[in-house]
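**Q** Below are the structure tokens for one structure; questions will follow.
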Amino acid sequence: MEKWSKEELEQVLAKRDGNRLRRLHEQIRRSSWRARYHIQTVTGLMNDPNGFSFYGNRWHLFYQWFPFGAVHGMKHWYHVSSTDLVHWKNEGLALKPDTVYDNKGCYSGSAFVKDGHLFLVYTGNHNEADGRRIPYQMLAAMDEEGHIQKLSRPIIKPENGYTEHQRDPKIFTENGYYYILLGAQDNEKRGKMLLYRSDQLADGWKLMGELKVKGYDSFGYMVECPDIEKIGNKYLLLFSPQGLHGKGDEFRNAYQNVYMIGDFDAENLIFTPDERYKELDRGLDFYAAQCANQNVYTDKAVLEGWFGVSDYSYPPTDEEGWANLLTLPRELSIENGKLMQRPAAALSSLKGKLLFEAADGKIKEDHMYGRTPDSAVIELNNPTGGSVSLELFSTGLHKGFSISYNHDRGYFTIDRSDMENQVNTEYGSSRRIRLENGLKSMTVYVDRSSVEVFINNGEYVMSSRIFPTVREHLLRMSGKGINMKIYNIDLAVSDDDALFPSWMESVKK
Ligand code: FRU
């Protein structure tokens, strides 16, 4: 990998970079790992989804973005939008680090609709001349035309008693007030969440205290990207703690994104969980998810996650100059006290040609000729509850990416250890879940360099990146009495230069 100098890592996008970005995009667009229906970085590196919201009849999403290469350099916000959560349009640069308060990056944050504007709340990562880091919580307003104006001063300054790690504001309303939930690390290096309150957006923010999560004193050594969502009459608390250790089959990734369902008493800063925290996603690559601020659903939340993990690298695409996707948007509901996660309903509109069908274990249609389609959805019903195995992107000798359910042992397993391109192997290459009630159904979304498995109609999700080579293209399956349909998925996130908008116009200098 090429080495990046400090100056290169600290580049801020300027008008003169237009052609350079176009060239970078032209180069990565040819990659066989570019997604066809996932939001992916336009150039360089993306990480967390930010500012996810519904405003002006569209869904808006921003992502952490270093424009110039597959490294965690100076973070900008890039903007995409959609009417249906499925077809996404590149809108261009949203925020760049061009003020003293965000001179080392516009870090993660959220969005809120008010008075005809979309307000963006984010962390200004400030560095002093001596390198000392100071986090500021900042505000910006976007209008219907997509013009963004930053407020020239922070709305929240760093708090004593906590280290320089205070970031990722999630804004929401409760009891007639605005609240911000902020990730933090206290001076004893413990992960905390802070709650701020105000009756206005731009002023009056006051620290109410730490969110007290009953039964817990702290979470690891740092909490990133906290979020709280009302779903029906329950609350869902999400956060990405750092420093949790693996337990059996759980928490095996470098960092995890966890959730708890419970009750929230904003007045007294108390969250009372119904159960211990669990991982949102049990796959190999998932972190820093965020729910949309939206008024479309009251009994559901809409979630987007980063299809990656901090500190991981993905050399196959890094070497091509780009890194990362976001996961498919998911609808979250609470059913019988359990969190259910299903792909956004509109995804079914992307289903194209039926490529394969088996009923009661017998093949009825097959237009795949033994190959794994690179952009498809596989729907499986398992009425007998027996063992099932699927090997995607396999070869005559190698299993490729395997998905299997062992009925006798009750384990559902995903495994990428038999693929040519290996990534982040120090955290293991497979994950498994013991399914208490067996495998009834699964839906697998394959999109060139990613596989998302939804198990038992949303009881579990396992999201993983893969980088199949040209030799890895076969598909093998087995399972008695299964019903399976495989559909092609149409292009929904265009990576075409014609749709790469003249967005450099939005770059002021
Ligand atoms: C999570 C995170 C956030 C931070 C952002 C910086 O991946 O580290 O805490 O705001 O990424 O890009």
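Please treat every number below as a calculation from the coordinates, not as lab data. Quick caveat: nothing in here was measured; it's all calculated off a predicted structure. Cβ placement follows ideal geometry from the backbone for every residue including glycine, while neighbour counts extend to all protein chains displayed.
**Q** Is there a pair in LYS364/LYS485; LYS96/LYS189; LYS15/LYS150; LYS338/LYS440; LYS214/LYS234; LYS247/LYS278 whose C-alpha atoms are over 21 Å apart, and which pairs would that be?
**A** Table pairs above 21 Å Cα-Cα are LYS96/LYS189.
**Q** Can you tell me the Rg and the Dmax, both Å, for the Cα atoms in region 380-509?
**A** According to the Cα coordinates of region 380-509, Rg and Dmax are 17.9, 63 Å.
**Q** How long are the semi-axes of the ellipsoid equivalent to region 8-115, from square roots of 5 times the Cα gyration tensor eigenvalues, in whole Å, largest first?
**A** Numbers: eigenvalues 95, 78, 25 Å².
So the three semi-axes of region 8-115 are 22, 20, 11 Å.
**Q** Tell me, what is the FRET efficiency for LYS234 and ILE363 to the nearest 0.05, using R0 = 51 angstrom and their Cβ-Cβ distance as r?
**A** Computed FRET efficiency for LYS234 and ILE363 comes out at 0.70.
**Q** Take the Cα atoms of region 253-322, find their three principal axes, and give me the spread along each one in whole Å, biggest first.
**A** Principal-axis extents of the Cα atoms in region 253-322, largest first: 49, 29, 20 Å.
**Q** For a Förster distance of 22 Å, can you work out the FRET efficiency between the beta-carbons of GLU26 and SER494, rounded to the nearest 0.05?
**A** Rounded to the nearest 0.05, the efficiency is 0.95.
**Q** Rounded to the nearest 0.05, what FRET efficiency do LYS353 and GLU128 have when you use their Cβ-Cβ distance and R0 = 60 Å?
**A** 0.55
**Q** Once the Cα gyration tensor of region 190-305 is diagonalised, what are the square roots of 5 times its eigenvalues, in whole Å and ordered largest first, as equivalent ellipsoid semi-axes?
**A** So the equivalent ellipsoid measures 24, 18, 14 Å along its semi-axes.
**Q** Show me, for region 51-61, the HN-Hα J-couplings you get by feeding each phi into the Karplus relation (A = 6.51, B = -1.76, C = 1.60, θ = phi - 60°), rounded to Hz, glycine and proline as x.
**A** Values per residue, Gly and Pro as x: x, 5, 6, 10, 8, x, 6, 9, 7, 10, 9 Hz.
**Q** What are the ³J(HN,Hα) values, in whole Hz, obtained from phi via the Karplus relation 6.51 cos²θ - 1.76 cosθ + 1.60 with θ = phi - 60°, for each residue of region 382-397 in sequence order, with x given for Gly and Pro?
**A** Result, rounded to whole Hz: 10, x, 7, x, x, 5, 9, 9, 10, 10, 9, 6, 8, 10, x, 9.
**Q** Using only alpha carbons, build the gyration tensor for region 387-453 and give me the equivalent ellipsoid semi-axes, biggest first, whole Å.
**A** Details: eigenvalues 87, 36, 28 Å².
Gyration-tensor ellipsoid for region 387-453: 21, 13, 12 Å.
**Q** Can you run the Rg to Rh ratio on the chain? Use alpha carbon positions and the Kirkwood inverse-distance Rh.
**A** Rg divided by Rh gives 0.96.
**Q** Along each of its three principal axes, how wide is the spread of alpha-carbon positions in region 310-425, in whole angstrom units, largest first?
**A** 44, 42, 36
**Q** For region 147-190, count the residues as N, evaluate 2.2 N^0.38 Å, and divide the Cα radius of gyration by that value, please.
**A** So region 147-190 has a normalised radius of gyration of 1.42.
**Q** Net charge within 10 Å of CYS106 by Cβ-Cβ distance, Lys/Arg positive one each and Asp/Glu negative one each, not counting CYS106 itself?
**A** Working: positive: LYS75, LYS96, LYS104, LYS150; negative: ASP98, ASP102.
Every neighbour counted, the sum reads +2.
**Q** At q = 0.19, 0.20, 0.21, 0.23 Å⁻¹, work out log10 I(q)/I(0) for region 60-136 with the Debye formula, treating every Cα as an identical point scatterer and leaving solvent out; two decimals please.
**A** Cα-only, vacuum Debye calculation for region 60-136: -0.85, -0.92, -0.98, -1.10.
**Q** A follow-up question, please. Which whole-number value in Å³ per residue fits the convex hull of the alpha carbons of region 257-367?
**A** Convex hull of Cα atoms, per residue: 212 Å³.
**Q** Taking the mean number of other Cβ atoms within 10 Å as a proxy for protection, how do you rank 107-113, 143-149 from highest to lowest?
**A** Highest-to-lowest ranking by the protection proxy: 107-113, 143-149.
**Q** Separation of region 197-266 and region 438-501 by C-alpha centroid, Å?
**A** What the calculation gives is 30 Å, centre to centre.
**Q** State the extension gain, in nm to one decimal, for the chain segment bounded by VAL296 and ARG16, taking 0.36 nm per residue of separation less the distance between their alpha-carbons.
**A** 96.8 nm
**Q** Now, a different point. Projecting each Cα onto the charge dipole of the chain (Lys/Arg +1, Asp/Glu -1 at the beta carbon, about the Cα centre), which of LEU194, TYR216, ILE466 comes out farthest on the positive side?
**A** ILE466
**Q** What size of dipole, in debye to the nearest 20, comes out for the chain about its Cα centre when the only charges are +1 on Lys and Arg C-beta atoms and -1 on Asp and Glu C-beta atoms?
**A** 460
**Q** Cα atoms only, region 106-260: Rg and Dmax in Å?
**A** Expressed in Å, the Cα Rg and Dmax of region 106-260 come to 16.1, 50.
**Q** Still on this model: Kirkwood Rh and Cα-based Rg: tell me the resulting Rg over Rh for region 445-487, rounded to two decimals.
**A** Ratio value, two decimals: 1.00.
**Q** What does the charge dipole of region 430-496 about its Cα centre add up to, to the nearest 20 debye, if the Cβ of each Lys and Arg holds +1 and the Cβ of each Asp and Glu holds -1?
**A** It comes to approximately 500 debye.
**Q** What number does region 331-395 give for Rg over Rh if you use C-alpha atoms and the Kirkwood radius?
**A** Over the Cα atoms of region 331-395, Rg/Rh equals 1.02.
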